1. Given the criteria closer than 14 Å to residue 195 by Cβ and of a type in the set (Gly, Ala, Ser), does residue 66 qualify?
2. Restricting region 370-381 to residues that are open to solvent by less than 100 Å² (accessible area, probe 1.4 Å) and part of a loop (DSSP other than H, G, I, E, B), which is nearest to residue 347 (Cα to Cα)?
3. For region 336-352, name all the residues that are free of Cβ contacts under 8 Å to residues at least 24 places away in the same chain and either open to solvent by less than 100 Å² (accessible area, probe 1.4 Å) or not basic (Lys, Arg) (or both).
4. Does region 160-175 contain at least one residue that is in a strand (DSSP E or B) and modelled with pLDDT of 95 or more?
5. Do the conditions hold for residue 252, that is, is it touching a residue at least 60 places away in the same chain (Cβ under 8 Å), buried (at least 17 other Cβ atoms within 10 Å of the Cβ) and β-branched (Val, Ile, Thr)?
6. Among the candidates 41, 53, which residue alone is over 30 Å from residue 242 (Cβ atoms), part of a helix (DSSP H, G or I) and at pLDDT 90 or above?
7. Show me the strands (runs of 3 or more DSSP E) entirely contained within region 199-271 in which 3 or more residues are at pLDDT 90 or above and at negative phi.
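The values are calculated or read from the model by the stated rules, or taken from the named source; none is laboratory data. Every value quoted in this text rests on a predicted model; they were computed, and no experiment measured them. Cβ sites come from the backbone with ideal geometry, for glycine too, and all protein chains shown count toward neighbours. For the accessible areas, the whole protein counts, side chains as well, though only heavy atoms, and no ligand, DNA or RNA atoms are used. Shrake-Rupley method; radii C 1.70, N 1.55, O 1.52, S 1.80 Å.
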Amino acid sequence: MNKKDIAGLRRQLKVDNDLLKISDIFNVYIMKETTDIYHHQSQPFEMLDKDQQELFINNFKKLLTGQLDEKLFELKFKREADSQLILHKGLLSSEVEDWKDQMLQMTEKMIKDHPYEKDVVITFIKAEYLKPMKKRNEEAEESERDAVYSHPFILCSINKTQESKKELVFDYVEKQFKYNIDVDSVIDLATPMTGFLFPCFSNGASDVNHVLYASEKTNEPDHRFTEEVLNSEHTITAKEDKEVFEEVMRDVMGDQLTPSTLANVYREINTMVEENEEDEEPKLDYKNVERVLNQSGGEQVDSEKVKAAFERITENESYELKASSVVPKYKSKSIKIQTKVANISISPQDLEYVRQVNYKGKRCIMIEIEEDAEIEGFKMLPEAFGE
């Protein structure tokens, strides 16, 4: 799944939407510090009142919010993964009891040898996402709603509960102070801890070999959950990919680089990302990195040197970096230029306007600008170099 697929599904997550049909919702309550199921309840989603539906829908939206490879991860199941089989059976089951049995098996995998610090509620929904096909031409008689891709899916959200309120209150009628405690747990649907979507889908086709996992913290996937619960292959974060790329750069080009060369490197990779936005995620192997570095205006690098760097850093010469992880959010991301005097933040495409120069025997940062600079709302007066 790419960010467009995920955004498309999120847009359809709303109550009374004919393109999103949620058939069943199944909630499982787990007591803290135990590995037992305390209670579970299944019902048709349409039986919930509208306010309850809105709460859960917003919870699912929050779960599917975030950048790919930072908060959301498309994971491939390992061979003969039992989680894949359980989820697939649940997806295909026509009887509610069968679907509940499969989801309880997934719940057992989540809590096995892993008690939670707080009470948690695990919510599963079984739904169908109907995505309209694009019309082939303007003269086509069928409207977008006449032909759709059908994507049955299971969505799981894990949510913690809030502590019961303990308060001292004053009773005006009996004129006395009373101790009040709210014994009901409040489920925190506003901030889901983690969860997943099965199966993934793109270009109108479902992919049962992949699952979309949502991490609680940015660039910190729970490897126990991804590997033991979902039985997926190891997760690589955008941060890890970027660190590998920077280490390869240092290994091949040294730790000194002109801003213009670095700007050209980012520009080359960003062009790859933009040109393939509609297609499969572009990857960078050692040959791609060699080409990017040689086209970026720096010293020409040797292919074997780049290959050796990949092998040393990743222990795998055929390792591939996700291009979008190397320069995520190119137009909005800031790069920090650090000095003892000040730290400067600048966007990658503006690095070409930055120079380190020698002035009167001192090293200075020079930034080319097109308009007057401002300090605290005051325009800076130009000063001659001799002053």
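1. Judged against the criteria, residue 66 is a match.
2. Once the filter is applied, the top-ranked residue is 373.
3. 338, 341, 342, 343, 344, 345, 346, 347
4. Let us first name the residues in region 160-175 that are in a strand (DSSP E or B), namely 160-162, 166-171.
From what's left, modelled with pLDDT of 95 or more: none.
No, region 160-175 contains no residue that is in a strand (DSSP E or B) and modelled with pLDDT of 95 or more.
5. It is false that residue 252 is touching a residue at least 60 places away in the same chain (Cβ under 8 Å), buried (at least 17 other Cβ atoms within 10 Å of the Cβ) and β-branched (Val, Ile, Thr).
6. Working: 41 fails: part of a helix (DSSP H, G or I).
The conditions single out 53.
7. On the way: elements: 200-202, 205-207, 210-214.
In region 199-271, the matching strands (runs of 3 or more DSSP E) lie at 210-214.
Condition check ((1) open to solvent by less than 30 Å² (accessible area, probe 1.4 Å); (2) of a type in the set (Ser, Thr, Tyr); (3) without any contact (Cβ under 8 Å) to a residue 12 or more places away in the chain) across all residues:
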site	(1), (2), (3)
9	yes, no, no
13	yes, no, no
18	no, no, no
26	yes, no, no
35	no, yes, no
59	yes, no, no
77	yes, no, no
81	yes, no, no
88	no, no, no
